[in-house]
Amino acid sequence: MNKTARQRKPNRPGVRELHLELVRLRRRVEDLEDLRDLNAAIERNTGKPGIPWNEVKRELELQ
């Protein structure tokens, strides 16, 4: 065990753990922002006719 690991108090996260948590939180925020954008788009398009899936596939050259 190195000196800093021994000096750290129990149940206190280290820099690596904090960094990993920060990365997870950033991803979660991005997911929540995407969900907010999706819900806003659904609300904007409520009642509008959809585009047939075959037309979408053709436009995106998925066939």
(message) Using helices alone, I'd like the mean residue ellipticity at 222 nm for the chain: each DSSP H run of four-plus residues gives -39500 (n - 2.57), total over residue count, nearest 500.
(response) -21500 deg cm²/dmol
(message) Tell me the net charge near Asp37. Cut-off is 14 Å between Cβ atoms, Asp37 excluded, with +1 for each Lys or Arg and -1 for each Asp or Glu.
(response) -3
(request) Choose one of His19, Leu38, Leu62: the residue whose Cα lies farthest towards the positive end of the charge dipole of the chain (beta-carbon charges +1 Lys, Arg; -1 Asp, Glu; about the Cα centre). (result) His19
(message) Rounding to the nearest 10 and keeping the result within 0 to 90°, find how far the Cα-based axis of helix 15-44 lies from the longest principal axis of the chain.
(response) 20 degrees
(request) Using the Cα centre as the reference, give the magnitude of the dipole from point charges on the C-beta atoms of the chain (Lys, Arg: +1; Asp, Glu: -1; all else neutral), rounded to the nearest 20 debye. (result) 880 debye
(message) Please list, by residue number, every one of the GluC sites (Glu not before Pro) in the stretch 33-63 that is coil in DSSP and has at most 13 other beta-carbon atoms within 10 Å.
(response) Glu61
(message) What is the sum of charges, Lys and Arg at +1 and Asp and Glu at -1, for the other residues whose Cβ falls under 13 Å from the Cβ of Arg27?
(response) -2
(message) Counting only protein heavy atoms and a 1.4 Å probe, tell me what percentage of the chain's accessible area is made up of carbon and sulfur.
(response) 53 percent
(request) Over the chain, average the accessible area per residue using a 1.4 Å probe and give it in Å², no decimals. (result) 104 Å²
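The values are calculated or read from the model by the stated rules, or taken from the named source; none is laboratory data. Since the structure is predicted, the reported quantities are computational estimates derived from the model, not experimental observations. Counting neighbours? That spans all protein chains shown, and the Cβs are built from the backbone with ideal geometry, glycine included. SASA here: full protein model, heavy atoms, side chains in, ligands and nucleic acids out. Shrake-Rupley method; radii C 1.70, N 1.55, O 1.52, S 1.80 Å.
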